[in-house]
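Here is the structure we will look at, set down as C-alpha cells.
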Amino acid sequence: IHVEAVANVVGRAEVLSALGLLIAMIAEQRRVEMEVSDRAASPAYWTATIAMLLGSGVAMFSKESGLAAIVILPACRWRQVMVASIPRAPDSLHPPTRRLRAMVARTALPLMILAAAYLLIRYQVCAGRLWIEGSRYGPGNLLRHASWDVRLWTPFAVLGRYLSLMAYPDRLLSDYS
C-alpha cells in the first residue's frame, strides 16, 4: 500500500539486469555454435561477441547481481561445448581438455576484464572511498559492539518475532508515528 507509487521505478534495475544477462546468454550460445562449426572468423561471430559483452555490461551496470555473468556464461559455454562434442566422438564423452579450456577462457577473460572495469568505475563513483572516517555508510552491523549474549540470542528473538507475526499479524495503519 505504501510503496505502490514508486515500486515500478525501483524494480527497473532487476529487469534491466535480467534482460542484459539474457541477451548475453543468447549471444554466447551463438558464439559457441559458430566456434563448434568452425565459423569463428566470420563477422557474425564478432557481432555475437560484442552483443555478449554489451549484454553483460548492461547486466553488471544495472545491478550488482549482474556480476553473476562471470560464472553463468562460462558455465553455459562449458555445458554447450560438452553437449556439442558428444555427436562428434561417441566413444569419448569429453572433448580435448586443452580445447575446452581455451573455449571457456574466450568467454571468461573478457568478462573478467569487464567486471574489473565495472568495479573500478563503481569505486570512482563512490569518490574513491567506501568508508568515512573508519565507519561504513549506513547502520552497518548493529551487533558489532554488542556483548556475546546479545549476539547469541538476537537471531532467536528475531525468529520468534517473525513466527508471532505469522500467527498474529500487525494491523496496517495509515500513520505509524
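Every read-out reported here was derived from the displayed coordinates using simple, explicitly stated rules and does not represent laboratory data. Just so it is clear, the model here is predicted, and its values are computed rather than measured. Neighbour counts are summed over all protein chains in view; Cβ atoms, including those assigned to glycine, are modelled from backbone coordinates with ideal geometry.
Listing for the model above:
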{"quantity": "Alpha-carbon centroid distance for the pair region 152-173 / region 47-63, whole angstrom", "calculated": "42"}
{"quantity": "Spin-label pair A105/V150, simplified geometry with 7 Å Cα→Cβ offset, distance in nm", "calculated": "5.2"}
{"quantity": "Sites S42 and L120, calculated FRET efficiency, Cβ-Cβ separation with R0 30 Å, nearest 0.05", "calculated": "0.40"}
